[in-house]
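> Mind looking over this structure? Questions follow.
Derivation of every value follows stated rules applied to the coordinates shown; laboratory data play no part. Just so it is clear, the structure is predicted and the values come from calculations on it, not from any experiment. Note that each Cβ is placed from the backbone with ideal geometry, even for glycine, and that neighbours are counted across all protein chains shown.
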Amino acid sequence: MRQDWHRLIAQLKDRGIEGPHIERLRAHLNTEEQQLHLEQELKAEIALALGRAEAKVIAAILTVTLADAELDSATDPESRAERIAQRERRRREAIEARQDYKIHREAVGLRRNKHIDALFPIPPPRSD
């Protein structure tokens, strides 16, 4: 079938017929161009996925910040105990999101992750 495509393009060229579909098929048959296009598409998808993973970490850390504010505003012991437990759950989610981000980075070849903990610090546990 692929040879038929080459023959089709040659026939169209011989008759002086040009157009966007011919150029697209010609580009498709050019393996170097295909590889370049695929690499660009993969890099874009990787960047988008890493961006989403980073946003998940940031959002998770911000939920801990919100839980801190809710804990600080609680006055009765029962409410405070519930909010401490809720904050700790959110904190664990933030730790998990940051770890997932590190794994994601390593999966795409970004091996230097020592700075991630400093870039996305997780608030320490609270028991007050």
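> Exactly one of these conditions fails for ALA55: (1) free of Cβ contacts under 8 Å to residues at least 12 places away in the same chain; (2) within 17 Å of ASP128 (Cβ to Cβ). Give me its number.
(2)
> Which condition from (1) over 30 Å from TRP5 (Cα atoms); (2) among the hydroxyl-bearing types (Ser, Thr, Tyr); (3) out of contact with any Asp or Glu (no Cβ under 7 Å at 6 or more places or on another chain) is the one that TYR101 breaks?
(3)
> Another question about this same structure. Considering only residues that are free of Cβ contacts under 8 Å to residues at least 12 places away in the same chain, surrounded by 11 or more Cβ atoms within 10 Å (Cβ to Cβ) and within 36 Å of the chain's Cα centre (by Cα), which ones fall in region 1-27?
If the condition is that a residue be free of Cβ contacts under 8 Å to residues at least 12 places away in the same chain, surrounded by 11 or more Cβ atoms within 10 Å (Cβ to Cβ) and within 36 Å of the chain's Cα centre (by Cα), then GLU23, ALA27 are the ones that fit.
> Yes or no: region 101-109 includes at least one residue that is in a helix (DSSP H, G or I), without any contact (Cβ under 8 Å) to a residue 40 or more places away in the chain and of a type in the set (Ser, Thr, Tyr).
Filtering region 101-109 for residues in a helix (DSSP H, G or I) gives 101-107.
This time we only want the ones that are without any contact (Cβ under 8 Å) to a residue 40 or more places away in the chain, so: 102-103, 106-107.
Then drop every residue that is not of a type in the set (Ser, Thr, Tyr), which leaves none.
Scanning region 101-109 turns up no residue that is in a helix (DSSP H, G or I), without any contact (Cβ under 8 Å) to a residue 40 or more places away in the chain and of a type in the set (Ser, Thr, Tyr).
> While we're looking at this one, here's another question. Can you work out which of the residues in region 101-128 that are of a type in the set (D, E, K, R) and within 20 Å of LEU66 (Cβ to Cβ) is surrounded by the fewest Cβ atoms within 10 Å (Cβ to Cβ)? First the steps, then the outcome.
First, pick out the residues of region 101-128 that are of a type in the set (D, E, K, R): 102, 105-106, 111-112, 114, 117, 126, 128.
Right, trim to within 20 Å of LEU66 (Cβ to Cβ) and you get 126, 128.
Numbers: ARG126: 15, ASP128: 6.
That would be ASP128.
> May I ask you to list the residues in region 90-100 that are under 16 Å from LEU66 (Cβ atoms) and of a type in the set (A, V, I, L, M, F, W, C)?
Listed by number, the residues that qualify are ALA94, ALA97.
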